Each structure stands twice: as C-alpha cells, then as structure tokens.
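K.L.:
Submitted below is the structure of interest, expressed as structure tokens.
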Amino acid sequence: MARKRKRKSRRRQEGRKILELVPQFNIESGEDKPVTAARKYIKAENIVPPALLVVKRNEHTTDRYFWAEKGLFGAQYVEENHFLFPSLRFVSPPSKTKLVTANSSSN
C-alpha cells in the first residue's frame, strides 16, 4: 500500500528560505542543555539578532534556535510564524516579480 505524502506548508517553506539567509552558528551543548548552551554562546560571543544557532546534542541529534530581538525561539516556530519577527522582514528574499514586455507591431 502506498504511503500518503505529508503536505508541506507553503508558509513554513517560505520561512525556511528566509532563515537560510540569516547568519548561522554551529555549537555543541557539552554538559549543558541545548537552550542553556545557546544562551551562553550568545552572551559570550555578543551575537546580535537575527541569528540561527544549531546546537549539537549528540552525534545524532541537533536542535535549532533563532535569536531575535524578542529572545530565543525554536527554529520551527519561527519558520511557521516568520511574519511575526520584524528583523526577518529585512532579510526576506526578493519577491517574485513578473516581467511585462510590451510588444508593439508597426504596420
């Protein structure tokens, strides 16, 4: 029996594209919980928002966090609700514009 494909949210896909344009930092959590490791790294490196932090828990698991002016958020939440974050409005990819060409025929 064929498996049904999971529907991909357009809003989340757009948010993922926007987050790809944000500076990304890869860190390891070490002994701390992933959120604590992310907060400590932000404070130690004086990272300014917007930024994406990828925290490696172990060899198989990574957690993604978005650093915004409002605080630290899970990246999946930000992908789905990117329009709520003012800092992402400046980063958003250029909108698709259609080129209109005028065809003039001379008789």
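The values are calculated or read from the model by the stated rules, or taken from the named source; none is laboratory data. All values derive from a computational prediction rather than experimental measurement. Backbone-built Cβ (ideal geometry, glycine too); neighbour counts: all protein chains shown. Remember, those area values only see protein heavy atoms, side chains included, never the ligands or the DNA or RNA. Shrake-Rupley method; radii C 1.70, N 1.55, O 1.52, S 1.80 Å.
K.L.:
Go through the stretch 55-69 and give me each residue that's over 15 Å from the mean Cα position of the chain (by Cα) and either of a type in the set (S, T, N, Q) or assigned to a loop (DSSP other than H, G, I, E, B) (or both).
P.N.:
ARG57, ASN58, GLU59, HIS60, THR61
K.L.:
OK, next. Give the residue that is nearest to SER87 (Cα to Cα), with candidates limited to residues of the stretch 1-54 that are assigned to a strand (DSSP E or B), in contact with a Leu (Cβ under 9 Å, 6 or more places away or on another chain) and open to solvent by less than 100 Å² (accessible area, probe 1.4 Å).
P.N.:
Selected residue: LEU52.
K.L.:
Can I ask one more? Being free of Cβ contacts under 8 Å to residues at least 12 places away in the same chain and either out of contact with any Pro (no Cβ under 9 Å at 6 or more places or on another chain) or open to solvent by less than 50 Å² (accessible area, probe 1.4 Å) (or both) is the filter here; which residues of the stretch 55-72 pass it?
P.N.:
ASN58, GLU59, HIS60, THR61, GLY71
K.L.:
Filter the stretch 77-91 down to the residues that are touching a residue at least 24 places away in the same chain (Cβ under 8 Å) and not in a loop (DSSP other than H, G, I, E, B), then identify the one that is most open to solvent (accessible area, probe 1.4 Å).
P.N.:
The extreme case among them is GLU80.
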